[in-house]
Amino acid sequence: MSMTYYMDVYGCQMNVHDSEIIAGILEADGFTNVDNPELADIILLVSCAVREHAETRVLGRVCQLGGKWQDRKQGGPLLVLCGCVAQEHGQDLLDRIQKLDLVVGPDCYKDLPGLIHNSTRQALAEFREGDYTGIDAVRKRFPGAFVTIMRGCNNFCSYCIVPYVRGRERSRSADSIIEEIRDLSEKGYREITLLGQNVNSYHDLDTSFPDLLDQASDAAGSAWIRFVTSHPRDFNIETVEVMVSKDNICNHLHLPVQSGSDGILHMMNRGYTVDEYLEKIRMLRNAIPEIVLTTDIITGFPGESEEDFQKTVSLLDEIKYDNAFLFKYSERTGTSAADLCDVVPEELRLKRLNYLQEFQRGITVEKSGKLKTRILSVLVTGNAKRPDQQAARTRGNRMVILQGTDYEPGTFVDVRITRADGWTHFGEPVGAKDI
């Protein structure tokens with residue numbers, strides 16, 4: 001009888017795809033997935049360490065699950081923590097949490113079957129050069145699919161723990177990536193997202209990211225191509241030219257700016273100025289007027305004055321992003337920013353965050369409202385929260401809710417936008433499209 005596993009995932013798209021890779025590794029060894037932790041022999045949690053809140057959540061879940069079974073020998077499941085928190089703390093987690101059985105970092109997932117069968121409490125959190133090419137991932141997001149093109153990061157932004165828990169950059173071979181994309185397209189996937197901590201620094205022999213993007217577009221056939229995340233320092237005109245030349249590359253770019261102050265950007269070690277960032281935005285909008293722009297911003301970084309904060313507000317007002325992911329600064333032990341002395345009080349961080357959220361929401365509502373009566377092409381992704389609704393995405397990655405439809409996931413449909421509620425839109429079909 002095969003062993004059963006249950007998995008919870010926290011954090012970014014990379015973690016989501018890592019969970020699909022873990023599932024592929026386990027199921028190739030005979031494990032069977034269940035959707036209820038009460039029925040599982042093994043419970044795995046894939047963790048995120050980017051912000052303190054994310055780490056606290058997953059460790060709280062570990063303790064909650066561990067408390068359900070006082071003694072694994074009396075029928076409780078094996079409890080496994082994977083991902084960035086596992087890499088960050090390693091053996092210390094086993095010392096602190098007695099109900100935790102295994103701690104496994106992002107480069108060590110191929111060892112999971114052996115570690116589980118061995119049933120010895122162990123932490124395995126070492127950096128390795130290889131990737132997971134050749135693993136048959138168990139994909140959960142049809143008609144969308146993630147393809148990891150690189151792992152790790154070399155940027156060492158002063159606030160970011162990623163290089164310490166994901167290791168240094170290493171790019172997959174272009175041939176293996178293109179083969180995976182072609183296979184996904186042939187299997188009917190209609191939205192393929194290229195993943196990397198900084199996709200723009202991808203490099204395999206003579207293949208740069210623009211070269212890879214061009215080849216990926218051809219291999220995808222009728223499937224849409226997206227990519228995240230882009231670093232402003234490395235984003236270039238060659239990438240924009242490929243986006244313009246290929247119909248199936250989506251007109252959406254996520255370009256994290258983080259702050260509107262040159263002084264704060266310097267302390268963050270971002271490697272660009274506000275003017276340099278704005279020049280790339282102008283370049284992009286001149287080439288693709290319909291581009292949908294999103295960003296990340298951190299407020300309350302150490303040393304952020306009221307003047308620095310107002311510069312960020314002014315940048316939001318000038319660029320008018322379609323949407324923004326806004327965060328208050330979170331100290332991460334081991335990063336250089338954690339040693340900075342000019343700490344912004346927590347209350348002020350939260351106050352500034354709330355202001356930015358309201359400010360950006362006004363921009364998002366205004367821009368989304370202008371889409372009313374527009375006809376846009378959407379990809380139906382599946383059921384929405386309500387049983388009489390379906391969810392879809394535009395090329396610009398906007399969520400669209402369809403009422404009373406029954407399309408197969410993976411269908412492209414032209415819809416007329418009837419209204420918008422912030423980033424969520426509502427549409428009426430005007431005809432299905434053959435693909």
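Cβ-Cβ distances below 8 Å connect the following pairs, each with a first residue in the range 305-317 that is more than 12 Å from V274 (Cα to Cα), a second residue that is crowded, with 20+ Cβ neighbours inside 10 Å and of a type in the set (K, R), and a separation of six or more residues or different chains: F309/R352.
Please tell me if D317 is part of a helix (DSSP H, G or I) and among the charged types (D, E, K, R). So D317 fits the description; yes.
Scan the range 258-274 for residues that are surrounded by fewer than 17 Cβ atoms within 10 Å (Cβ to Cβ), free of Cβ contacts under 8 Å to residues at least 12 places away in the same chain and part of a helix (DSSP H, G or I) and the total you get is 1. Checking each residue in the range 213-224 for being assigned to a helix (DSSP H, G or I) and under 20 Å from the mean Cα position of the chain (by Cα) picks out L213, A216. The residues of the range 330-366 that are in a loop (DSSP other than H, G, I, E, B) and β-branched (V, I, T), listed by number, are T333, T335, V343, V344.
Considering the range 156-167 alone, what residues qualify as being out of contact with any Lys or Arg (no Cβ under 8 Å at 6 or more places or on another chain) and touching a residue at least 24 places away in the same chain (Cβ under 8 Å)?
Those that are out of contact with any Lys or Arg (no Cβ under 8 Å at 6 or more places or on another chain) and touching a residue at least 24 places away in the same chain (Cβ under 8 Å): F156, S158, V162, Y164, V165.
Filtered by the rule that a residue be among the hydrophobic types (A, V, I, L, M, F, W, C), farther than 24 Å from W423 by Cα and over 23 Å from the mean Cα position of the chain (by Cα), the range 288-328 gives a lone residue, F309.
Scan D421, D406, D414, D342 and give me the residue that is more than 30 Å from P302 (Cα to Cα) and touching a Gly at 6+ places or on another chain (Cβ under 9 Å).
When all the criteria are applied, what remains is D414.
Pairs are defined by a Cβ separation below 6 Å, a sequence spacing of at least 6 or placement on different chains, a first member in the range 10-33 that is over 19 Å from V62 (Cα atoms) and hydroxyl-bearing (S, T, Y), and a second member that is surrounded by fewer than 21 Cβ atoms within 10 Å (Cβ to Cβ) and modelled with pLDDT of 95 or more; the pairs so defined are T32/T4.
The values are calculated or read from the model by the stated rules, or taken from the named source; none is laboratory data. Quick caveat, the model's predicted, so the values are computed rather than measured. Neighbour counts run over all protein chains shown; Cβ positions are idealised from the backbone, glycine included.
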